[in-house]
Amino acid sequence: MSGADDALDVDVVVIGGGMAGLTVAASVAQRQRSVIVLEAADDVGGSARLSEGYVWTAPSLDVFGEEDPGGDTELFTRMLDALEPSFAWVEELSVPLGPRLTKVLGYGEGRQIDVGAYIARCVSIVESAGGYVLRGTAPSSLTTQDGRVTGVVVPDGEGGEQTLGARAVVVATGGFQSTEEARAEWMGESARDLLLRSNQRSVGDGIRLGLDVGADLAGPADGFYGHLVAYPVDRFEPRDFAALSQYYSEHGVLVDSRGLRFTDESLGDHVNTIAVAATGRAVLIIDERIRRTEVVRAFIPGMDAVDKLELADERGARTASAQEMDELASSLDEWGYDGTRAVATVREFNAALLAGSALDPSRTRLRSPLIEPPFAAIEVQPAITFTYRGLAADADGRVLSGGEPIPGLYVAGADLGGLNARGYTGGLVRGLALGRVTAAALAADLGWS
């Protein structure tokens, strides 16, 4: 690191100390280049620290297309190609990796990583190479010269600011899900009410920095990853994120306040969450078969298996159970739904499936009727984990303006827009695999191969 009294210079500045940012930073540091990580929070790790550490994605382009027809196939292909080499790199770092997993959410493949050990190892690599990981530090702006990003402006610790020059700047601040204002600005007013199922610091700072120097946005305004959560609940803290999420919603029937179906539930709980976000809260109706086979099992092998309906009831959520389907109607009426119509909707659903008839909305998968008593209902609300909209970039993480790269500016992780549209093909994989892709791209651009 070099510079004058009011300006410092490094090879790379990484904005964000989550999984994506630290992956890039450690990869750069291993090339014996100077790097500084700027993390706005008091500690590093971001949402990765709140996760179970499952790094996975769709195993092929065909499966990706089935799960997310509107997703970016070029970005996905680059991510998938980088995944196995990324796992090999993690093993080289002596970070524990679990056995290979298949059928994650029914279609994904990957491995579980020790997130805490991985974060600590990346920090160690950066600092051992002479770099810095600065916590509680966020840049106020990017600096540019002749169309190239040349650094960042940061607090100087004495109430003023100083310029930190860099040959490359990487934006990896984890999206913008953590603030109502950013969600309303980039997703629409209805997104203000989404329950947060994420860290508190991903407020869109990195995306805004990119936009300020002319970057484009990519990805759908209404797209995000999240899950349906019991409603209402007495608290919702990180330890509750998995326990209160109703991952099994694709097996049941969802009805809105009119008592009508409004989506193809079988596409997955993550897709159902987007659909419920567009309508407000909803009621999920299941039968004993679903409760026995889906509600009480682990979402992914290795996660805790709990009775999510029982836990939701203990936490104050609206739940109901009855031996006869008709008996659910009164509870739904009390919750503000048309209970009679909801029961009729389930009966029509059952009749169509038993007859092999089409439904509107359709039901493309999991076409089993709800006929085994007792029956249960739970009111659910949408919760957001990370956003799909972000900075436009090419498949190597170079940020785009008008379709052309902004020299010196890169993006990784959830700040990258457009990979997914509505489907979900993994979260941590963005940080690990695409973080490695971005690091390789900037190294090539700067002649470090």
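Hey, can you rank 50-57, 159-166 by average C-beta count inside 10 Å, highest first?
Working: 50-57: 21.8, 159-166: 16.6.
Descending packing order for the listed peptides: 50-57, 159-166.
Hey, fewest Cβ within 10 Å first, where do T173, T23, T385 land in order?
Working: T173 34, T23 31, T385 25.
Taking fewest neighbouring Cβ atoms as first place, the list is T385, T23, T173.
Could you size up the charge dipole of the stretch 227-384 around its Cα centre, putting +1 on the beta carbon of Lys and Arg and -1 on that of Asp and Glu, and report it in debye to the nearest 20? Can you show the working numbers first?
Values: 17 positive and 26 negative charges, 86 e Å.
The calculated dipole for the stretch 227-384 is roughly 420 debye.
Once amide H atoms are placed 1.01 Å from N in the peptide plane, what residues at a sequence separation of 5 or more from A393, or on another chain, have their amide H within under 5 Å of its amide H?
Hits under the 5 Å cutoff: L400, G417.
Please report how far the C-alpha centroid of the stretch 262-288 lies from that of the stretch 334-377, rounded to the nearest whole angstrom.
13 Å
Among E379, E314, which comes first, second and so on when ranked by fewest other beta-carbon atoms within 10 Å?
Values: E379 22, E314 12.
Least to most surrounded, the residues fall as E314, E379.
For a quick check of your reading of the filter: which trypsin sites (Lys or Arg not before Pro) in the stretch 320-367 sit in a DSSP loop and have no more than 15 other Cβ atoms within 10 Å? Before the final figure, lay out the partial values.
Numbers: sites: R341, R347, R363, R365, R367; in loops: R363, R365, R367.
Sparse-neighbourhood loop trypsin sites (Lys or Arg not before Pro): R365, R367.
In debye, nearest 20, what is the charge dipole magnitude of the chain about its Cα centre with +1 on Lys and Arg Cβ and -1 on Asp and Glu Cβ, if you could check?
Values: 38 positive and 65 negative charges, 146 e Å.
Computed about the Cα centre, the dipole is about 700 debye.
Would you work out which of L195, S141, A182 lies farthest towards the positive end of the dipole of the stretch 74-228? Charges go on Cβ: Lys and Arg +1, Asp and Glu -1.
Farthest towards the positive pole: L195.
Using just the helices of the chain, give the 222 nm mean residue ellipticity in deg cm²/dmol: DSSP H runs with n ≥ 4 each add -39,500 (n - 2.57), and the total is spread over all residues, rounded to 500. Before the final figure, lay out the partial values.
Details: 11 runs with 120 residues, N = 449.
Using -39500 (n - 2.57) per qualifying helix, the result is -8000 deg cm²/dmol.
Out of the DSSP beta bridges found with both residues in the chain, what percent are antiparallel (nearest 5)? Don't skip to the end; give the middle numbers.
Working: 45 of 67 bridges.
Antiparallel bridges: around 65 percent, rounded to the nearest 5.
How much FRET efficiency would the formula 1/(1 + (r/R0)^6) give for L93 and R135, where r is the Cβ-Cβ distance and R0 is 25 Å, rounded to 0.05? Spell out each step's value before the answer.
Details: r = 22 Å, r/R0 = 0.86.
Once the sixth-power term is evaluated, E becomes 0.70.
Modelling each spin label as a point 7 Å along the Cα-to-Cβ direction, I'd like the R292/T102 distance in nm, to one decimal.
According to this spin-label approximation, the distance is 2.7 nm.
What distance in nm separates the simple spin-label points at E324 and A344, each placed 7 Å from Cα in the Cβ direction?
Label-label distance for E324 and A344, simple model: 1.8 nm.
Just checking my list [x] 1.30; [y] 0.98; [z] 1.03 against Cα Rg over 2.2 N^0.38 Å computed from this structure; which label fits?
Entry [z].
If you stretched the chain out fully between D42 and S362, how much longer would it get, using 0.36 nm times the residue separation minus the C-alpha to C-alpha distance? Walk me through the intermediate numbers first.
On the way: separation 320, 0.36 × 320 = 115.20 nm, distance 4.70 nm.
Full extension from D42 to S362 adds 110.5 nm.
How would you order 15-21, 242-248, 102-108 from highest to lowest mean count of nearby Cβ atoms within 10 Å?
Numbers: 15-21: 31.3, 242-248: 21.7, 102-108: 16.3.
Packing proxy ranking, top to bottom: 15-21, 242-248, 102-108.
I'd like to compare 420-433, 323-336, 131-144: which one has the highest average count of other Cβ atoms within 10 Å, and what's the full order after that?
Output ranking for 420-433, 323-336, 131-144: 420-433, 131-144, 323-336.
State to the nearest 20 debye the size of the charge dipole of the stretch 279-335 about its Cα centre, where the only charges are +1 on K and R beta carbons and -1 on D and E beta carbons.
Values: 8 positive and 13 negative charges, 73 e Å.
It works out to roughly 360 debye.
Kindly put D62, D394, D205 in sequence by how many other C-beta atoms sit within 10 Å of each C-beta, fewest to most. Numbers along the way, then the final one.
Numbers: D62 9, D394 16, D205 23.
By the 10 Å Cβ count, ascending: D62, D394, D205.
Could you give the length gained on full extension between E158 and A278, defined as 0.36 nm per residue of separation minus the Cα-Cα distance, in nm? Mind showing how you got there, number by number?
Details: separation 120, 0.36 × 120 = 43.20 nm, distance 4.62 nm.
Separation in residues times 0.36 nm, less the Cα-Cα distance, equals 38.6 nm.
Each value in this text was obtained by applying a stated rule to the coordinates, not by laboratory testing. Worth saying up front: this structure is predicted, and the values here are computed from it rather than measured. Positions of Cβ are backbone-derived with ideal geometry, glycine not excepted, and every protein chain shown enters the neighbour counts.
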